[in-house]
1. Once the mean 1/r over all distinct Cα pairs of the stretch 71-130 is inverted, what Kirkwood radius in angstroms do you read off?
2. For the stretch 9-132, what's the relative contact order in percent, using C-alpha pairs closer than 8 Å and at least 6 residues apart?
3. For n ≥ 4 DSSP H runs only, could you compute -39500 (n - 2.57) per run for the chain, divide by its residues and tell me the 222 nm figure to the nearest 500?
4. For Ala79, enumerate residues with amide H under 5 Å from its amide H, sequence gap 5+ or separate chain, H modeled in the peptide plane.
5. Which entry in (i) 18.3; (ii) 15.8; (iii) 15.3 matches Kirkwood radius over Cα pairs in Å derived from the coordinates of this structure?
6. Which entries in the list Lys72/Lys106; Lys66/Lys106; Lys68/Lys106 go over 19 Å, if you measure between the two C-alpha atoms of each?
7. Between Glu4 and Arg40, 0.36 nm times their residue separation minus their Cα-Cα distance comes to what?
8. Starting with the highest mean, order 71-81, 86-96 by the number of other Cβ atoms within 10 Å, averaged over the residues of each peptide.
Amino acid sequence: MGKELYNDGAHRIFVSWLDNVGLQGGGYRIGFRAVGTYSRNGASLISGTQYKTLGENNFSIEMVAKMKSEYKGSIYESATYGGGGLNFKDGDEFSFYLFPNNAYEKDGITLNENGIVRLTVTGLYQNLWSRK
């Protein structure tokens, strides 16, 4: 945990958790924590999630990042597991399944793999908020 995915000096994204919930739960999952900047005048957050303002007091959340996993010479499109919303004063969380369900059957991935998985996350979004 803690391995950095992104750091530009003002924004960070790092691995916050990794688990294995068995085949019925989707197998291996990984969660990222995004940390940004905030003050009374506004905030900035680079995340896998885009926040859209809807009127005065509402917003919508859209997962915009994509992830690919490379393991044992195969590349997999990772499905989104979830987005946590702005649950922290300085950021959020978003997560993916490492492998698609059919990889466990088709490619013989087991629930107790050992090895290195190379992850590529694309489509990060910079959310900017300012006080009117």
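1. Result for the stretch 71-130 stands at 14.0 Å.
2. That works out to 30 percent.
3. -1500 deg cm²/dmol
4. Here the answer is Tyr97, since their amide H atoms fall under 5 Å of that of Ala79.
5. Answer label, from the structure shown: (ii).
6. On the way: Lys72/Lys106 14 Å; Lys66/Lys106 22 Å; Lys68/Lys106 17 Å.
The answer is Lys66/Lys106.
7. Between Glu4 and Arg40, full extension yields an extra 10.2 nm.
8. 86-96, 71-81
The values are calculated or read from the model by the stated rules, or taken from the named source; none is laboratory data. These numbers were taken from a predicted model, which means no experiment stands behind them. Here the Cβ is made from the backbone with ideal geometry for all residues, glycine too, and neighbour counts use every protein chain on show. Ligands, DNA and RNA are stripped out before the accessible areas are found, and what is left, the full protein with its side chains, is counted by its heavy atoms. Shrake-Rupley method; radii C 1.70, N 1.55, O 1.52, S 1.80 Å.
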